[in-house]
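Worksheet: one structure, shown below.
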Amino acid sequence: MVGIEMPCTAAIFIFTLSAILPSPLRWHAMDRVPEEILAEILSPLLKVPEEVFSATNEKPLLHAGYSSSTYLLVSRTWLRVATPLLYHTIIFRRTAQVTALERVLEDKHPEFGRYIRKLRIEGGFGPGVENILDLAPNITDLFLTFYIFSSDNVSGLCRGLSRINPRRVILSDPSSTHRNGMGIPKKNKQVAQLSQTLADLIPLWDNLTTFHWPYVQKHNHEAILIALESSRTLRTVFMNSSGCPALDGVYRFARIPSVAEIYVQGRRVEDALDHHLAMLDKEPHLRTLAKYEFQLQVPSEDTKIQSQKTRAPSQEVPQSIWERIIFFAKLVTQDEPSPTGQKTMSSLALVSKSFQKLSVPLLYRDPSLSAKSAKFLARTLSHNPKLGLHVRTIAIPVPPEELQADLTDRRQRPPPGTMIPHEAIQTILQVCPHLETFGSGWRVSEEEAWFISEADTPEGLARMGGKISRSTLALLAKVAGSTLRDLGVKLDMCPTPTKPDVLLNFAALELLIWSSSQSFKMLTRDPTRFPNLRALRIETCSASFLALLCQLNLPRLEAVSFSKRTDLLAATEFLHEHGYKVNELIGPVEILVNSNVDLFNTCRNLQYVEYIIPEASAKPDKRKIPATFLSCEKPHLNIRKIMFLFPDPAKRYYQFERQHEASFKEAFARFNKRFFPVLGTIQLSLAKWPVYEQEVRTNKWAQFAMQLEPHKVSVTDAADVPWSPR
């Protein structure tokens, strides 16, 4: 549900009255406010913003989540004041909207048509548009699109345009910007009819002063340009550049005698700005007319803020305030490339003794390690072990050379000097008894980030990388086993099984991220180990690792995540042992939906489940989504959300398979709300909502949503936006 963002003036006014007046007098006091002031208060709530009305980017057909007409129900005074504001700007995106407004204007309140000042029409929408335009003679701003389907009917729109005389006309065609992947303008009888109607009417519109032209080079509307040359009132033209040469358009519109301003807009105007200005300088008249959007963003010399000498820090500022200032300085600099961020914090420590006292704990709290900085930090801590008391997070990153080598050829190894020595890591760990977060073992980049949840994983673990040895892990457990809460490990492989104590001595552990195929010796059931473990995320593991965890009680376990490399049988046994405790579960579909795991009957406390769909290169049996993923023997009283995480099509060249579509159709068709009474959302990461009304019938995602709509279950896309047709 999308909430109403109440502007400041309206919020202050309404909530002030609610606070100071008794309930019976509140709305009586509101009615006594002068209508001119009430109109100013309600105007931001009811009027459509200009940037929304004139936007040329495509937006899905989603409902706003609330109705602005509710403000009209407060009182008769509000009804009288708010009605003109509500009808000031009208946006048509579906035929049902046209039908509803036509019914209101023709059957009940034809006088409402005179309130309409701005009209945006994104299609044809049949003969009803003519009746609306006939009753709305005061329209000043008109938005039309040429992205019209052949199934549309623009006859009513074309006939109705002769009844109005707008001051501003905005033409839009998403295909002209090449952003929707097509880049081909619509060519059909409906587009041609609308284009010819505009060409006939533009010379007759004597109020027309502003015109927005969407094309740069290729288009099929030459008649409109000829008609604009005949206009005697046109003064301002907005044209799109989209990185293409816009000089031809400037020359063309400059022929119109009445035009005084030509604005060239677009995201890539800057690329060709110097060339354009050099060409226009040869013709002073054109140089005066053309105005570039990029130029408007460049501040003049008069408006630049002159630098002033900084004053010395005031001695009267409390230490707590300086502490917060330095803390936020640390937040700003921690994302900067090394060594800039560390150098900034080091400089703060040299300002004064008080600054040093405040800066040193923050400087050593989350050290950023590399092959060079790790050796330097180890040497510093060996000379001054007390500094290790400040360290709370250690993340061991993969060197860039190792990351690149691993992504291209797994047989390559990085140069010896780029690896962080185990000796340096152990020297650092020996003097860090208050460590809370330790991470190693993952390669994380913009192109490939593996198995790290942004919602629950601490920031330090989001930068994990290099492997550690068993001796390093044992040292970590010995020094910080009682304080470490978050642990991410990629362990060096050893041919002999490892003793369980190497891992189980972390008494305070709450989050464990594991990536190692190291085998473990078996342990007799021990209820005292890992008493606080809350979340478990597995990238790679051996069957003995999960078997070891099955010997523990794990009383606080809430979230479990399996990767595609997790052993199927071991994961199945783990779910049978601990599944009844889990609230959140993530894993490949082959693990969560198989004959050995009755997921919803095994995990009765489950509130969220995420199915990971493997890439197209995986075996067919692993890519299969059984239609039984929504089956349950008895009602599940806790599951609230189900998500299907598909591979990113932009990175994995993945496409939604027909077998998946058939499984979803079958599962949704036989869905029984009685077995999932609190289920509210099914999220599909590949879902893309239709932009135009004609696409709704052929959009499989919208059809899925409509299948579940009677059960009050929402289907959402990757951004968790639900399908809610306008």
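Report, in listed order, any pair from K186/K700; K186/K712; K581/K700; K59/K712; K673/K700; K581/K673 with a Cα-Cα distance greater than 26 Å. Beyond 26 Å: K186/K712; K581/K700. What does the charge count around G680 come to, taking other residues whose C-beta lies under 12 Å from its C-beta (Lys +1, Arg +1, Asp -1, Glu -1)? Neighbour charge sum, excluding G680 itself: +3. Among M643, M706, the order of accessible area from largest down is M706, M643, computed with a 1.4 Å probe on protein heavy atoms.
The local environment of D501, defined by Cβ-Cβ distances under 12 Å, has a net charge of +4 under the rule Lys, Arg +1 and Asp, Glu -1. In this structure, the amide hydrogen of Y263, modeled 1.01 Å from its nitrogen in the peptide plane, lies closer than 5 angstrom to those of V237, F238, M239, K291, counting only residues at least 5 positions away or on a different chain. The 1.4 Å probe gives accessible areas that order F704, F327, largest first, as F327, F704. Our coupling estimate for segment 506-513, obtained by passing each phi through the Karplus curve with A = 6.51, B = -1.76, C = 1.60 and θ = phi - 60°, is 8, 6, 9, 5, 10, 10, 10, 10 Hz, Gly and Pro reported as x. Among the protein heavy atoms, those of H576 account for about 100 Å² of accessible surface (1.4 Å probe, every chain in place). The 3J(HN,Hα) values that the Karplus relation (6.51, -1.76, 1.60; θ = phi - 60°) gives for segment 226-239 are, in residue order, 5, 5, 5, 5, 8, 6, 9, 10, 5, 10, 10, 10, 10, 10 Hz. Gly and Pro appear as x. From the Kirkwood radius over Cα pairs of segment 540-616, Stokes-Einstein at 37 °C and 0.692 mPa s returns a whole-number translational diffusion coefficient of 263 µm²/s.
For Y215, the residues 5 or more places off, or on other chains, whose built amide H falls under 5 Å of its own are N240. In nm, to one decimal, how far is the E229 label point from the K712 one, both placed 7 Å along Cα→Cβ? A separation of 6.4 nm, rounded to one decimal place. Working note: Karplus 6.51/-1.76/1.60 with θ = phi - 60° gives segment 527-537 the couplings x, 9, 7, 6, x, 10, 4, 9, 9, 10, 10 Hz, where Gly and Pro are set to x. Listed peptides 690-701, 189-200 appear in the order 189-200, 690-701 once ranked by packing, highest mean of other Cβ atoms within 10 Å at the front. Close amide H contacts of F143 (hydrogens built in the peptide plane, cut-off under 5 Å, sequence separation of 5 or more or a different chain): L119, R120, I121, I170.
Normalised by residue number, the volume inside the convex hull of the Cα atoms of segment 491-625 is 108 Å³ per residue.
When the chymotrypsin sites (Phe, Trp or Tyr not before Pro) in segment 79-181 are filtered for DSSP coil states and for at most 12 other beta-carbon atoms within 10 Å of their beta-carbon, no site remains.
The values are calculated or read from the model by the stated rules, or taken from the named source; none is laboratory data. Being a predicted model, the structure only gives us computed values, none of them experimental. When we count neighbours, we look across all protein chains shown, and the Cβ atoms used for this are built from the backbone with ideal geometry, even at glycine. Surface areas here come from the heavy atoms of the whole protein model, side chains and all, with no ligands, DNA or RNA. Shrake-Rupley method; radii C 1.70, N 1.55, O 1.52, S 1.80 Å.
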